[in-house]
Amino acid sequence: MPVEIKDMTFDKVAIGPVSVRVYQGAEYSKGAPVLLYFHGGAFTETGLRHCPLAECIASTGAIVAVPDYNALGGGVFPKPLEVGFSIFSYLAKKRAGLGDRKSPLLIGGEEAGGNIAAGVALKARDHFADELDGQVLLSPLLDPFMASRSFREADAIGMRQRWADGWSHYLSGGVCHPYAAPSLCSRLSDLAPALVLTAADDPLHDEALGYADRLAQAGVKVQQHVLPAGTGWPTIYSGTSNGTGPWAGNLASQFSGFVQNISIN
């Protein structure tokens, strides 16, 4: 499905105006899912830029809003989390012209954006924000200790230092709250259903699946999938987005199936 892209400003968000790029399936239907999606970039990237993963998800008929969530606070916790939760709360109440009252409302993101999405889901649970219908975590960057076995691959592809610097920047405010590092959270029950995707050679593979397993053990409905080696999104191999790749079909089908499952339930 063709995707329409437009830039806009959410100017009534409680935390302040936020620039947003919206990807919208040209033939989206009534009740189309609305996904608040946080881009990757090791907690440091700002500005609106093209997000191939958001465009892929929008091609399924979804409406995907990608905010410039680091601009207001420089990417240091807790500001990105506060921005993300503020936008989520705004969409839950007003929808900002995106979708309608029958639209499922989801949050998601890849890499550092997956961390923000997981943190927002935790805060939504703690603030009894029942409007959150699901979370989509694509190779989420969740563990500041970077100690998993799969993380050794980060050295081989030159990503360890980038992520180490990103964590140092994000936690430079001196706080390591569970919202900042969801893998360290001891209470994961009652969270929104989760779709967790990674790749077999993804350095973030172990922390992604480890978090998915802990969610499932806590009674959260989880759909997880591992893409074949070499077919993950470019942001986990090189830190950059290089357009559509072999992951696109997998991502689209997994997202569509996840939305169908949460809609039925």
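The values are calculated or read from the model by the stated rules, or taken from the named source; none is laboratory data. This one's a predicted model, so the numbers in the text were calculated from it and none came from an experiment. All Cβ positions, even for glycine, are placed from backbone atoms using ideal geometry, and neighbour counts span all protein chains on display.
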Failed condition for ALA129, given (1) more than 22 Å from PHE43 (Cβ to Cβ); (2) among the hydrophobic types (A, V, I, L, M, F, W, C); (3) in contact with a helix residue (DSSP H, G or I) (Cβ under 9 Å, 6 or more places away or on another chain); (4) surrounded by 18 or more Cβ atoms within 10 Å (Cβ to Cβ), with all others met? (4)
List the residue pairs whose Cβ atoms are under 7 Å apart, where the first residue sits in segment 243-264 and is in contact (Cβ under 8 Å) with a residue 24 or more places away in the chain and assigned to a helix (DSSP H, G or I), the second is surrounded by 18 or more Cβ atoms within 10 Å (Cβ to Cβ) and small (Gly, Ala, Ser), and the two are 6 or more positions apart or on different chains. ALA252/SER59; PHE258/GLY134; ILE262/GLY134
Could you please find all residues in segment 192-205 being surrounded by 17 or more Cβ atoms within 10 Å (Cβ to Cβ) and either at positive phi or not charged (D, E, K, R) (or both)? ALA192, PRO193, ALA194, LEU195, VAL196, LEU197, THR198, ALA199, PRO203, LEU204, HIS205
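So that you can scan it fast, the table gives a plain yes or no per residue for (1) modelled with pLDDT under 95; (2) touching a Phe, Trp or Tyr at 6+ places or on another chain (Cβ under 6 Å); (3) buried (at least 16 other Cβ atoms within 10 Å of the Cβ):
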{"residue": "SER189", "(1), (2), (3)": "no, no, no"}
{"residue": "GLU207", "(1), (2), (3)": "no, no, yes"}
{"residue": "GLY243", "(1), (2), (3)": "yes, no, no"}
{"residue": "PHE258", "(1), (2), (3)": "no, no, yes"}
Does segment 209-216 contain at least one residue that is over 25 Å from HIS50 (Cβ atoms), touching a Phe, Trp or Tyr at 6+ places or on another chain (Cβ under 8 Å) and at pLDDT 95 or above? no
Please report, ordered by residue number, the helices (runs of 4 or more DSSP H) entirely within segment 124-226 with at least 1 residues that are over 21 Å from HIS39 (Cβ atoms). 152-156, 205-217
Collect the residues in segment 219-241 that are at pLDDT below 95 and among the polar types (S, T, N, Q), keeping them in residue-number order. THR231, THR235, SER238, THR240, SER241
Give me a count of the residues in segment 182-197 that are free of Cβ contacts under 8 Å to residues at least 60 places away in the same chain and closer than 19 Å to ALA112 by Cβ. 3
List the residue pairs whose Cβ atoms are under 9 Å apart, where the first residue sits in segment 160-176 and is at pLDDT below 95, the second is surrounded by fewer than 17 Cβ atoms within 10 Å (Cβ to Cβ) and in a helix (DSSP H, G or I), and the two are 6 or more positions apart or on different chains. CYS176/LEU184
Residue pairs qualifying under the 6 Å Cβ cut-off, at least six apart or on distinct chains, with the first in segment 54-68 being on the phi > 0 side of the Ramachandran plot and the second being modelled with pLDDT of 95 or more and surrounded by fewer than 24 Cβ atoms within 10 Å (Cβ to Cβ), are none
What's the number of the only condition in (1) buried (at least 19 other Cβ atoms within 10 Å of the Cβ); (2) modelled with pLDDT of 95 or more that GLU153 fails to meet? (2)
Any residue in segment 2-19 that is under 10 Å from ALA96 (Cβ atoms) and among the small types (Gly, Ala, Ser) sitting within a Cβ distance under 9 Å of a residue that is in a loop (DSSP other than H, G, I, E, B) and modelled with pLDDT of 95 or more? List the pairs, counting only those 6 or more apart or interchain. none
Going through segment 16-33 one residue at a time, which ones are more than 16 Å from CYS56 (Cβ to Cβ) and under 20 Å from the mean Cα position of the chain (by Cα)? VAL18, SER19, VAL20
Step by step: first the residues of segment 235-250, then only those that are over 17 Å from the mean Cα position of the chain (by Cα) and small (Gly, Ala, Ser), then the one that is nearest to GLY40 (Cα to Cα). Which residue is that? SER238
